[in-house]
Structures are given as C-alpha cells and as structure tokens.
Amino acid sequence: MEVIHLKYPHQLQQRESMQPYSLAIGFFDGVHIGHQAVIEAAKEEGNKRHIPTAVMTFDPHPSLVLGGRNEKVFYITLLQQKLQLFEEQGVEKVFVVHFTSDFAKLSPADFVETFIRSLNIQHVTAGFDFSFGAFGKGTMEDMRAISDGDYGVTVVEKKADELEKISSTRIRKLLQEGDMEAARLLLGRPFEITGMVVHGDKRGRTIGFPTANVQALEGAFIPASGVYAVRLLVQNKWYDGVCNVGYKPTFKDPNNKQLSIEVHILNFEKNIYGEEVHVTWYKRIRSERKFDGIEALKIQIEKDKQQTIQYFEALR
Ligand SMILES: Cc1cc2nc3c(=O)[nH]c(=O)nc-3n(C[C@H](O)[C@H](O)[C@H](O)COP(=O)(O)O)c2cc1C
Ligand SMILES: Nc1ncnc2c1ncn2[C@@H]1O[C@H](COP(=O)(O)OP(=O)(O)OP(=O)(O)O)[C@@H](O)[C@H]1O
C-alpha cells in the first residue's frame, strides 16, 4: 500500500499521468464497522471498474484546526495504526491530506477540483453524513452535483445498532467510560494500544505478580484507571493478561501523578524489557484502590486474575 501525503496547494502530476482510483473518503478515526462498510463499498466499485481502491483521510483531526469542541478529541487510532488497518482491508493507496486552516477554507467546488478531479478519481464513496469544503458546507448531494458526470458517487447509508449511529465520537465516550466490551463491538475488534516494555519499580515479582510496564506511544489514548482483562502481543505471540492502569495508591503517595500501565501476563516468565507490545482491551474488571497492605492487594489481584481467566474461557 502506497501512502501519499498531500498539502494544499499540493504538487502532483497532471491528471493524465495519475492512475484512476475508486476513493473512500473521511477521517476514519478508529476504522470502526461504519468506516469498514464505506471502504468495502469503495472496493466493490473499484472491482466493478477494474481500478484499485484508495482512501483519503486527513491529519490532524479537523477539530484541532477549527476548534469548536469543548473537549479535546483524542485519537482512537493513531495515524500509523489507521494506515495499517486500511492495508489489512485491502486498500492500495492512501492520500493523507494535511488539514490546515487554508485547506479548511476551500469551497466545496475547489475541494473537488483539487482533491478529486486532479487526482483522477473515478468514483467517490462516503457515508450519508460526510461533509466537505469550508464550514463543512458540501454534502454528498453536492459531491454528485459538482461531478458533472466526471466521476461516480456512492453514498453509504447509516450503519447503526439498536441505539444510534456507530461513530468515532460514540466510541471515544465508551473508551473514556472504560466500556471496552461495547467499544469492541463497534470497532469490530478490541481497542488497541502499542507501546514498549520499560523498567518499573520491580515490586511486582516480590508480591508474586510480575508485570510488564508498558509505555504507550506518544499521543495514544490510555483507558480510565482500573483493572482490565487484556491480551498482549509480544514477539509474535498473543497472551491473556490482567492489566492495572493507575497510580498504585497502595505504594505511592496520593500526589503521585505518574500513570502506569502494567500487565501481569498469564503463564509467562520471559524477560521482555525493550520489546514492542500491543495491548488489546476486553473488559474492565474494577477500579483501582488503595489497600491496607500487600496481603490484601495480593488477594485482590488473585481474584482479578481468576476473573480474567473466566472471562477469556467464556469468550473462546
Ligand atoms: C491486576 C492488578 C491489579 C492491581 N490493582 C492495584 C490496586 O487496586 N491498587 C494498587 O495500589 N495497586 C494495584 N496494582 C499495582 C501493584 O501495586 C503493582 O503491580 C506492584 O506495586 C508492582 O509495581 P512495579 O511494577 O512498579 O514494581 C495492581 C496490579 C495488577 C497487576
Ligand atoms: N455509521 C456510519 N454509517 C455509514 N457511514 C459512516 C458511518 N460513520 C461514518 N461514516 C462515513 O465514514 C466516513 C468517515 O467518517 P468520520 O470520520 O466522520 O466518522 P464518524 O464516525 O462519523 O466520526 P464523528 O463521530 O467524528 O462524526 C465518512 O464518509 C462518513 O460519512
């Protein structure tokens, strides 16, 4: 899969020398099942026309440039992971458009001229609520009207569950609440973070529960503090684990602001310092607490571990 970064005004070859593409367009944070349906529809059109499928996405998130939201938007998927997911879905090219305030000022017609026509896009697929151009004024009806027959347009209908539309905003809320099970259903896979195993205080092994301290990639969303059933990929192998996100109040003073992610990997004894790991999140088990002593904490961690084992047994 080829990735092309574009900045407005972009410098690309002339339309004639560009390969034609069937394009799915959107921000696609999380690449959730609604997004997957959009990309699938673009692929179907590409197959019909015998042309490859491309995705156009944006970076950074428009809200960062435009403001207007009260809460800071975090990414469900960092760009690198988003690209990886596109590739796994069979996308052959990705245009990453740098979202700047100049880009945001383009009229819908100018957006189409610069980012659809001059890229020789033959077909555009997006969801029913996709908007583009200054103030998000362009709708999918406009996309079709502006085309003048130069490219085809598919509008993917709303993908929803019994509650409401499946959206990145909704998944962010679930992740903030620690509802990893609901997030997993909407994402079509568990929420995942990538990180590196770093040295901790080395107390874990002395209490009988050694842990891998995971330093997440810069910018990754870290779930609410608490204990979770997780799976961890290390050295190409997946393991079940029980993870604590928090401040270890039993050992640290209450002003400690150093958030840690530590995974007790089940049935595992290797030294993995410095390894890259992927942690996938399945279920929140409880909140982090301050215990009266090590014994009480050990009893609780054993319970957490048993709950995790039962959870994954039921899942299999
Ligand atoms: C499953 C699990 C649950 C934990 N729950 C708590 C907790 O509720 N409160 C707490 O203070 N520490 C909790 N811890 C953190 C332990 O205190 C920590 O693993 C131990 O102090 C080792 O820390 P170190 O890796 O920095 O040496 C938990 C750890 C695990 C693995
Ligand atoms: N549930 C859905 N059903 C159909 N199309 C969708 C759905 N969610 C998103 N899309 C489409 O996928 C593309 C990417 O959408 P976008 O990145 O805005 O996702 P979103 O989940 O709607 O995000 P947000 O919560 O920020 O509005 C757009 O073309 C959009 O219309």
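For the range 95-147, what is the largest minus smallest coordinate of the Cα atoms on each principal axis, given in angstrom and ordered from greatest to least?
26, 22, 17
Take the range 171-252, drop everything but the C-alpha atoms, weight them equally and run the Debye formula without solvent; then report log10 I(q)/I(0) at 0.18 Å⁻¹ to two decimals.
These q points yield log10 I(q)/I(0) values of -0.89.
Just the accessible area per residue of the range 73-137, please: how many Å² with a 1.4 Å probe?
Result: 39 Å² per residue.
Kindly provide the trypsin sites (Lys or Arg not before Pro) of the range 136-218 that DSSP labels as loop, not H, G, I, E or B, and whose Cβ sees at most 10 other Cβ atoms within 10 Å.
Listed in order of number, the matching sites are K202.
On alpha carbon coordinates alone, what is the Rg over Rh value for the range 21-115, Rh being the Kirkwood radius?
Rounded to two decimals, Rg over Rh is 0.99.
Taking H placed 1.01 Å from N in the peptide plane, check which residues at least 5 places from Y8 or on another chain put their amide H under 5 Å from its amide H.
Result for Y8 returns H98.
How high is the relative contact order of the range 149-230, given as a whole-number percent (alpha carbon pairs under 8 Å, six or more residues apart)?
RCO, the range 149-230: 22 percent.
Hey, how many Å between the Cα centroid of the range 204-229 and the Cα centroid of the range 245-316?
Rounded to whole Å, the Cα centres lie 6 Å apart.
Give me the compactness ratio for the range 216-316, meaning the Cα radius of gyration over 2.2 N^0.38 Å.
1.09
Against the longest principal axis of the chain, how steep is helix 168-177, in degrees 0 to 90 to the nearest 10, with axes from Cα atoms?
It is inclined by approximately 10 degrees.
In the chain, what is the volume of the convex hull around the alpha carbon atoms, normalised per residue and reported in Å³?
It comes to 157 Å³ per residue, whole-number rounded.
Hey, any idea what % of the chain's accessible area is carbon plus sulfur with a 1.4 Å probe?
The C+S portion of the solvent-accessible surface of the chain is 48 percent.
Can you return the lysines within cross-link range of K158? Criterion is Cα-Cα under 27 Å, with same-chain partners fewer than 8 residues away left out.
Leaving aside lysines fewer than 8 places away in the same chain, those within reach of K158 are K43, K48, K72, K82, K93, K137, K173.
Using a 10 Å cut-off on Cβ atoms, rank the peptides 23-32, 102-111 from the highest mean neighbour count down.
The most tightly packed comes first, giving 23-32, 102-111.
What's the angle, to the nearest 10 degrees (0 to 90), between helix 294-315's Cα axis and the longest principal axis of the chain?
40 degrees
Quick one: go through the range 271-296 and flag any residue whose amide nitrogen is under 19 Å from the point 7 Å out along the Cα-to-Cβ line of Y239.
Residues 271-283 qualify, since their backbone N sits under 19 Å from the label point.
How large is ³J(HN,Hα) for each residue in the range 53-67, as worked out from phi by the Karplus curve 6.51 cos²θ - 1.76 cosθ + 1.60 (θ = phi - 60°), to whole Hz, x for Gly and Pro?
After applying 6.51 cos²θ - 1.76 cosθ + 1.60, I find 9, 10, 10, 10, 10, 10, 8, x, 4, x, 5, 5, 8, 8, x Hz.
What list of ³J(HN,Hα) values in whole Hz, one per residue of the range 209-216 in order, does the Karplus curve 6.51 cos²θ - 1.76 cosθ + 1.60 (θ = phi - 60°) give from phi, with Gly and Pro shown as x?
10, x, 10, 8, 7, 9, 9, 6
Any chance you could get the radius of gyration and Dmax over the Cα atoms of the range 256-315, in Å?
For the range 256-315, the Cα-based Rg and Dmax read 13.6, 37 Å.
Under the Karplus relation 6.51 cos²θ - 1.76 cosθ + 1.60, θ = phi - 60°, what is the ordered set of whole-Hz ³J(HN,Hα) values for the range 23-33, x standing for Gly and Pro?
The phi angles translate into 10, 9, 10, x, 7, 6, 5, x, 6, 7, 5 Hz.
Give the aspartates and glutamates whose C-alpha is closer than 16 Å to that of K283, dropping any in the same chain fewer than 8 places away, or say none.
Leaving aside aspartates and glutamates fewer than 8 places away in the same chain, those within reach of K283 are E177, D179, E181, E192, D240, E262, D304, E313.
The values are calculated or read from the model by the stated rules, or taken from the named source; none is laboratory data. None of these values were measured; they are calculated from a predicted model. Methodologically, a virtual Cβ is constructed for each residue, glycine included, from the backbone with ideal geometry; neighbour enumeration extends over all protein chains shown. What goes into the accessible areas is simple: the full protein's heavy atoms, side chains included, and nothing from ligands, DNA or RNA. Shrake-Rupley method; radii C 1.70, N 1.55, O 1.52, S 1.80 Å.
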